[in-house]
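For reference, the structure is listed below as structure tokens.
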Amino acid sequence: MENIVPKKEWSVAIRYNHWIMAFSIFALIVTGFYIAFPFTLTQGETVNKFFMGNTRGVHVFFGVILLFLFVWRLYLAAFSRFHADWKDFFAWTDINNTVKQIKFYLLVSKEPPAHKYLYGPLQSLAYGGLLFLVLLICLTGLILMGAGYHAGWTALIYPVVKPFEIILGGLASVRYIHHVLTWAFVLFIIVHVYMAFWYDVIFKEGTVSSMISGVVFRKGDH
Amino acid sequence: MAHQKSAQYDRVVRKQYRELMDRCKVNLDRMDSELPPPVEDFQDVLKDRGVSRRSFIKWTSIMTGALMLPPMFKPMVARAAEQFSRVPVVWLHMAECTGCSEALLRTSYPNIDDILLDTISLEYHETLMAAAGDQAEQCLEKALHDFPGKFVCVVEGAIPLAMGGKYLTLGPKGKTGLQLAREVTSKAAMTICIGSCSAFGNVQAAKPNPTGAVGVGQALGIETVNIAGCPPNPNNFVGTILHCLMFGGLPALDGLGRPVWAYGKRIHDYCERRPHYDAGEFVEEWGDDGAKKGWCLYKVGCKGPYTFANCGRIRFNDAISWPIMAGHGCIGCTEPNFWDTMAPLEKPIQDATIGGGEATVDHIAMGLTVATVAGIAAHAGATAWVHRDDKDTANKE
Ligand code: HEM
Ligand code: SF4
């Protein structure tokens, strides 16, 4: 019999962060697309309807959650007591290994890249890129939010982000960038989910369940 | 508790306003002694044009409100209005259509703004003055000589920079717009850009901008007050001058040089169709049922959500109407580069076509999504084939 060793890969914090972020982004895509392509509710009186208003409310709610998740994720990357993984985001700097992984993914070679970091080279690029996208969409989102809500906390944040509104060329450009970034998230999710399952099938280590249980099952003696 | 707090708040605010009022009085007195004497008595001018005392008082209320001041400032606004036509003004025309002058000066019947602008002491205005050629040039020189550092320079129109500015030459000496603007603004007390052309370049600066047109502030590297709009509302120009007269300085400006009292909130924030937006009631196409019911114009291209201006609050033509009230969406004319960033004007922004083709960003992204899914299916199939005999692929540390 082969030796199968359970190994804790993800801390509780990372797992919560991952799933709340996944749900928030899903909710943001759905509500965001309604804001971009609203359909008309023809039935009923205007006074009894607040569909766009509520959708925007939900969108901004999850938007702010995403912002906090982002900050939390950066904190974990730097200071997590389980495994501060900021170095792992640079796995791609090992160019030979990156080439190896590309070949492995393209099914040209059957030899997997060395597993030196928490992330493979391409994962490190993808997840680093994702965090950058989250930063951009939070920034553009905060600008749109500040322009539309004039009281409370949002009124405090707006002056801070307003200079970016001017640099980006006005609210219309900000909204356009926000819209384009949404598609980047859609594409990321499709590829990300597929690759998670692909790993699971190829290595049979329980990649998919690891983000729930925190454990991968390594074969061999390490 | 709450009551006490609000009483205290009231006291603080009242005290602030009283101090502001004192400053305002001192400043108006100073202006009275410094400004050139009036040509005509203001009350006579109003009477001659058939404006009753009552209409004038009404106008001061509106103006006071528009400037975000409490009612106690109405008499101050009235005094500033009397001084208004004594401010020497040099009005330059650059690359533009004179639409702003037209919008400011023409009306069905005169209201106070129009009278103020009619009687403004224009030392030089290329469209309106009788003088031409050399004589006009002399008027300008005289104004610069008589009121150095005292006059207000109003600029209408963008400044072309390409070919050393030669796309725009004017006057008997064939000066470029750039030269003229630099000469005059350097001697002015302040420069007010009227309209989006002088503020940001506007249509002249729209892609591909062959003449290299830019706004005045950018062309000369100076601070300007930007009364944006295509055309702007006369109120916003008049109000800004009144503010300067009353408080001896410019009103607060936003990051783009626009007075915050007029351009601090978006069209979307004060739009009368806004409840329909939040309800999810949209005009789907021109003339449909929604259009008849006055629903939100977002889906037929309204740019109100991206546009800072007070059009909906003060409206145009003696407050009769404004674009969204008339049934067309806002086109975003108070924003920089709006011909480029707000296009297409009758569709939402994400429907802008890319690179001269037919495709929008959504078409491209949808194509990419389909391609990705197809790629994944192919990859999954190929994986099943290539790795068909694998027992285990070890993930080596
Ligand atoms: C993955 C994250 C996000 C996605 C996918 C997303 C998606 C979208 C989309 C598609 C729109 C409509 C844009 C258009 O009309 O073209 C939108 C609008 C908006 N988003 Fe997001 N967004 C995200 C994050 C955020 C964040 C973090 C915030 C704020 C903190 C935010 C605040 C807003 C606001 C205020 C609007 C404008 C709504 C309005 O006009 O009332 N979004 N979003
Ligand atoms: S018509 Fe335009 S400004 Fe008015 S609510 Fe609709 S989108 Fe906003």
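The values are calculated or read from the model by the stated rules, or taken from the named source; none is laboratory data. Owing to the predicted nature of the structure, the values given are computational and were not obtained by experimental measurement. Glycine also receives a Cβ, built like all others from the backbone with ideal geometry; neighbour counts cover every protein chain displayed. Note: areas computed on protein heavy atoms with side chains; ligands, DNA, RNA excluded. Shrake-Rupley method; radii C 1.70, N 1.55, O 1.52, S 1.80 Å.
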* Tell me the trypsin sites (Lys or Arg not before Pro) within the range A:1-88 that lie in a loop according to DSSP and have at most 10 other beta-carbon atoms within 10 Å. => A:ARG81
* Asked: If you line up the long axis of helix A:95-105 against the longest principal axis of chain A, both from Cα atoms, how many degrees apart are they, to the nearest 10?
  -> 90 degrees
* **Lysine pair count for the range B:1-136 [Cα-Cα under 23 Å; pairs on different chains or 8 or more apart]** => 8
* To do: Sequence neighbours fewer than 8 away in the same chain don't count; with that in mind, list the lysines whose C-alpha is under 24 Å from A:LYS100.
  => A:LYS87, A:LYS110, A:LYS116, A:LYS204, A:LYS219, B:LYS391, B:LYS396
* chain B, relative contact order [Cα under 8 Å, separation at least 6], % -> 13 percent
* Mean-position separation - Cα centroids, the range B:327-397 and the range B:46-120, in angstrom -> 51 Å
* To do: Determine one quarter of the surface area of the Cα convex hull of the protein assembly as shown, which equals its mean projected area, and express it in nm² to one decimal.
  => 37.4 nm²
* the protein assembly as shown, accessible surface, carbon-and-sulfur percent (1.4 angstrom probe) -> 64 percent
* **Probe 1.4 Å - accessible area at A:VAL12, Å² to nearest ten** => 80 Å²
* Asked: For the range B:201-301, what mean projected area does the convex hull of the alpha carbons give, in nm²?
  -> 9.3 nm²
* To do: Restrict the search to the range B:143-210; then list the trypsin sites (Lys or Arg not before Pro) that DSSP places in a loop and that have at most 16 other Cβ atoms within 10 Å of their Cβ.
  => B:LYS150, B:LYS166, B:LYS173
* To do: With +1 on each Lys and Arg Cβ and -1 on each Asp and Glu Cβ, and nothing else charged, work out how big the dipole of chain B is about its Cα centre, in Debye to the nearest 20.
  => 1160 debye
* How much net charge surrounds B:VAL238 when only other residues with a Cβ under 12 Å from its Cβ are counted (Lys, Arg +1; Asp, Glu -1)? -> -3
* Positive end of the charge dipole of the range B:1-67 (Lys, Arg +1 and Asp, Glu -1 on Cβ, about the Cα centre): tell me which of B:SER52, B:PRO37, B:HIS3 has its Cα farthest that way. => B:HIS3
* For B:HIS379, solvent-accessible area (1.4 Å; no DNA, RNA or ligand), Å² -> 40 Å²
* Structure fact -> log10 I(q)/I(0) for the range B:103-194, Debye formula on C-alpha points only (no solvent), q = 0.12, 0.25 Å⁻¹, two decimals, reads -0.43, -1.41
* In degrees from 0 to 90, rounded to the nearest 10, what is the angle of the helix B:133-146 Cα long axis to the longest principal axis of chain B? -> 80 degrees
* To do: Send over the semi-axes of the range B:229-271's equivalent ellipsoid, whole angstrom and largest first, taken as the square roots of 5 times the C-alpha gyration tensor eigenvalues.
  => 19, 12, 9
* Once a ≥ b ≥ c are taken as the square roots of the eigenvalues of the Cα gyration tensor of the range B:1-136, is the result rounded (a/c under 1.5), prolate (a/b larger than b/c) or oblate (a/b not larger than b/c)? -> prolate
* Rank B:HIS93, A:HIS192 by accessible area, highest first, at a 1.4 Å probe radius? -> A:HIS192, B:HIS93
* Structure fact -> Taking a crude spin-label model, label points 7 Å out from Cα along the C-beta direction, the A:PHE33 to A:ILE167 distance in nm is 3.1 nm
* To do: With +1 on each Lys and Arg Cβ and -1 on each Asp and Glu Cβ, and nothing else charged, work out how big the dipole of chain A is about its Cα centre, in Debye to the nearest 20.
  => 140 debye
* **Around B:LEU144: net Lys/Arg minus Asp/Glu count, Cβ-Cβ under 13 Å** => -1
* Asked: Protein chains only, probe 1.4 Å: how do B:MET129, B:MET72, B:MET342 rank by accessible area, largest first?
  -> B:MET72, B:MET129, B:MET342
* At q = 0.11, 0.14, 0.17, 0.22 Å⁻¹, what is the base-10 log of I(q)/I(0) for the range A:14-90 according to the Debye formula with one equal point scatterer per Cα and no solvent? Please give it to two decimals. => -0.43, -0.59, -0.73, -0.97
* Asked: Helix B:234-247: angle to the longest alpha-carbon principal axis of chain B, degrees 0 to 90, nearest 10?
  -> 60 degrees
* To do: Kindly sort B:ASP318, B:ASP362 by accessible area of their heavy atoms, largest first, with the probe set to 1.4 Å.
  => B:ASP318, B:ASP362
* Asked: Cα-based Rg (one decimal) and Dmax (whole number) for chain B, in Å?
  -> 27.1, 102
* Select from A:ASN54, A:ALA77, A:ILE20 the residue farthest towards the positive end of the dipole of the range A:11-193; place +1 on Cβ of Lys and Arg, -1 on Cβ of Asp and Glu, and compute about the Cα centre. => A:ALA77
* **the range A:11-193, Rg to Rh (Cα coordinates; Rh as Kirkwood inverse mean 1/r)** => 1.05
* To do: Run down the lysines and flag those whose C-alpha is under 30 Å from the C-alpha of A:LYS162, throwing out any fewer than 8 positions away in its chain.
  => B:LYS207, B:LYS265, B:LYS299, B:LYS303, B:LYS347
* To do: Could you please report the charge total around B:ILE331, scoring K, R as +1 and D, E as -1 over all other residues with beta-carbon less than 11 angstrom from its beta-carbon?
  => -1
* Structure fact -> Computed from every Cα-Cα pair in the range B:267-371, P(r) in 5 Å bins starting at 0 and rounded to whole percents is 2, 13, 20, 20, 18, 13, 8, 4, 2, 1, 0, 0
